[in-house]
Structure formats: C-alpha cells, structure tokens
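Here the structure is laid out as structure tokens; the discussion comes afterwards.
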Amino acid sequence: MCHDRGYLVTQEELDQTLDEFKEMFGDRPSERKPARSDLTILVAHNDDPTDQMFVFFPEDTKIGIKTIKAICQQMQEQTITRAIIVVQSGMTPSAKQVDLFTA
C-alpha cells in the first residue's frame, strides 16, 4: 500500500510472508499479539524524504472522535501531513465530520 504510493518500503518488508509476519508480530489478536498499535508505521516518500506518511491501526473496533483527535495530535506534533487509517469496522458519523485541520 505504501510502496504503491511511492513511499520507501524495504525489499524485506515487501517479500515478507504471512508466516514471517506472524513470527515477528504474533498471531493471537485476541491476546493483543499483535497489538494493532504496534503496527503503526511512518514512511518517507522516495522522491522527497520530508514527505512522510503515518499508517495507523487503531485499537477501537469503530473509530470515534477521540481516536481521530489523538491521531491528529500525533501528526501535528511530528509535522506529518499524510496518513492512512486502517479501521476494523468503520468510523462513527461524528468522527467523519471532524475538521482534521483544527482537531
């Protein structure tokens, strides 16, 4: 997903099998192995290393305003302007209405 958008991803990560992923992060999500928050990554763009993007995997099944604001705060603190949020079951209607530039 990041590689397709022009962001730097190692060949090792691209070639990683599901079994290798499970060995590295675990395969018991009900026991938080892996914890979704452990999967958060920050990648830089191939053409401009200052163009960075977060990929977040929030723990909440359905994402609400609190989670969106926490993500926005983390991005603002690190001056990151791009993100992908991988959700489990969507977002609440109110979370979809959050103005990301003032959150």
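The values are calculated or read from the model by the stated rules, or taken from the named source; none is laboratory data. Treat the numbers as computed from the prediction; the structure is a model and nothing was measured. Here the Cβ is made from the backbone with ideal geometry for all residues, glycine too, and neighbour counts use every protein chain on show.
Within the range 47-78, the only residue that satisfies the criterion of being among the hydroxyl-bearing types (Ser, Thr, Tyr) and part of a helix (DSSP H, G or I) is Thr67. Test each condition in (1) within 14 Å of Cys2 (Cα to Cα); (2) surrounded by 12 or more Cβ atoms within 10 Å (Cβ to Cβ); (3) not acidic (Asp, Glu) for Lys62 and report the one that comes out false. So Lys62 meets the others, but not (1). Considered as a group, the residues in the range 24-38 that are farther than 13 Å from Val86 by Cβ and assigned to a loop (DSSP other than H, G, I, E, B) include one that is modelled with the lowest pLDDT, and that residue is Arg32. Residues of the range 79-99 that are aliphatic (A, V, I, L, M) and either surrounded by fewer than 14 Cβ atoms within 10 Å (Cβ to Cβ) or not in a helix (DSSP H, G or I) (or both): Ile80, Ala83, Ile84, Ile85, Val86, Val87, Met91, Val98.
Scanning the range 40-99 for residues that are acidic (Asp, Glu) and at positive phi yields nothing. Residues in the range 43-69 that are of a type outside the set (Asp, Glu) and more than 24 Å from Gly90 (Cβ to Cβ): Val43, Ala44, His45, Asn46, Pro49, Thr50, Gln52.
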